[in-house]
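Here the structure is laid out as structure tokens; the discussion comes afterwards.
The values are calculated or read from the model by the stated rules, or taken from the named source; none is laboratory data. Here the structure is a predicted model, which is why all the values come from computation and not from measurement. As a convention, Cβ positions derive from the backbone with ideal geometry for all residues, glycine included, and neighbour counts pool all protein chains shown. Remember, those area values only see protein heavy atoms, side chains included, never the ligands or the DNA or RNA. Shrake-Rupley method; radii C 1.70, N 1.55, O 1.52, S 1.80 Å.
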Amino acid sequence: MKVLVAVKHAVDHNLKPFVDATTGQVDLSQARRVINPFDEISIEEAVRLKERGLVTEIVAVSIGGADAKDSLRHAYAMGADRALLVETDVRLQPLSVAKLLKVIVEREQPGLIFLGKQAVGEDYGQTGQMLAALLGVGLGTFASALQLKDGSVEVTREVDKGTQTISLQLPAVLTSDLRLNEPRFIKLPNLMMAKKKAIETLAAGELGIDLANRFTVIKSNEPPQKPGAVQLASVSELISTLRKAEVLQ
């Protein structure tokens with residue numbers, strides 16, 4: 001069975017982007033970009049399935065500029081077999097990404113399609129759901145465990161009150177949560193070999209998809225600053241402070 005994994009070249013989650021006071025928009029122009037951590041989890045899960053003999057080929061797909069090849073090489077170093085870049089300099093919204101991925105899925109015919117549950121930075125968390133709807137296949141979001149069976153996959157999902165286990169007929173779309181696995185450490189020789197591997201490139205504009213944005217971000221704001229903590233000397237001072245704040249009567 002073939003597995004397709006969507007890989008986003010995202011803002012490094014260790015960095016804190018800032019809001020441009022002039023434009024009211026988040027400034028990502030100078031932000032370092034790396035593989036989206038939830039997509040790295042997806043690659044790891046696909047590789048583990050292949051190591052168990054349940055998967056024959058792993059195809060990593062990214063949509064973005066030429067710099068997205070760095071994340072595809074990361075996927076190669078983890079164990080992907082092929083890499084494909086749908087190249088565009090347009091900043092795409094989830095529906096456009098889902099439509100482009102649909103074209104690739106129909107071309108590759110994978111049994112499983114992995115995406116991260118969300119992309120750090122935008123945090124939309126919508127692409128997997130939209131892709132499953134466009135393909136007309138089953139969807140398992142926020143996957144924390146999975147088990148492949150004959151023609152189906154059993155998925156344990158993270159939900160508000162715990163976990164939920166569902167069974168999906170293949171092909172199916174899965175979105176990876178943090179608890180699905182811990183990605184492996186990549187050895188330097190693997191990274192060096194990944195640089196020599198081919199990355200197929202397609203122009204997004206030639207795939208016949210309407211990439212127009214459906215919504216506009218009007219304004220972004222920094223979160224309000226919280227007051228600093230104060231160390232109190234005694235319980236009586238704590239009670240007095242709470243009463244002044246009208247927390248206690």
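Some notes on this structure:
- Subset tally (residues that are within 30 Å of Gly24 (Cβ to Cβ) and either touching a strand residue (DSSP E or B) at 6+ places or on another chain (Cβ under 7 Å) or part of a loop (DSSP other than H, G, I, E, B) (or both)) for region 178-210: 3
- Breaking point among (1) within 18 Å of Asn213 (Cα to Cα); (2) modelled with pLDDT under 95; (3) not small (Gly, Ala, Ser), for Leu101: (2)
- Test: residue in region 197-219 that is more than 30 Å from Leu134 (Cα to Cα), at pLDDT 90 or above and open to solvent by 80 Å² or more (accessible area, probe 1.4 Å): yes
- Unmet criterion (only one of (1) farther than 23 Å from Ile41 by Cα; (2) in a loop (DSSP other than H, G, I, E, B); (3) among the charged types (D, E, K, R)) for Glu237: (2)
- Given (1) touching a residue at least 40 places away in the same chain (Cβ under 8 Å); (2) surrounded by fewer than 24 Cβ atoms within 10 Å (Cβ to Cβ), index of the condition Asp89 fails: (1)
- When residues of region 27-47 are limited to those that are part of a strand (DSSP E or B) and modelled with pLDDT of 80 or more, the one farthest from Tyr76 (Cα to Cα): Arg33
- Enumeration of residues in region 151-177 that are of a type in the set (S, T, N, Q), touching a Ser or Thr at 6+ places or on another chain (Cβ under 7 Å) and open to solvent by 50 Å² or more (accessible area, probe 1.4 Å): Thr163, Thr165, Ser167, Gln169
- Taking every residue in region 118-129 that is of a type in the set (Gly, Ala, Ser) and pairing it with any residue that is open to solvent by 50 Å² or more (accessible area, probe 1.4 Å) and assigned to a loop (DSSP other than H, G, I, E, B), at least 6 positions away or on another chain, the pairs with Cβ-Cβ distances below 6 Å are Ala119/Lys8; Gly125/Gln118.
- Residue in region 211-220 that is more than 30 Å from Glu45 (Cβ to Cβ), in contact (Cβ under 8 Å) with a residue 40 or more places away in the chain and assigned to a helix (DSSP H, G or I) present: no
- The number of residues in region 54-86 that are touching a Ser or Thr at 6+ places or on another chain (Cβ under 9 Å), open to solvent by 10 Å² or more (accessible area, probe 1.4 Å), under 21 Å from Ile186 (Cα atoms) and assigned to a helix (DSSP H, G or I) comes to 1.
- Test: residue in region 28-42 that is out of contact with any Phe, Trp or Tyr (no Cβ under 8 Å at 6 or more places or on another chain), in contact (Cβ under 8 Å) with a residue 24 or more places away in the chain, of a type in the set (A, V, I, L, M) and open to solvent by less than 20 Å² (accessible area, probe 1.4 Å): yes
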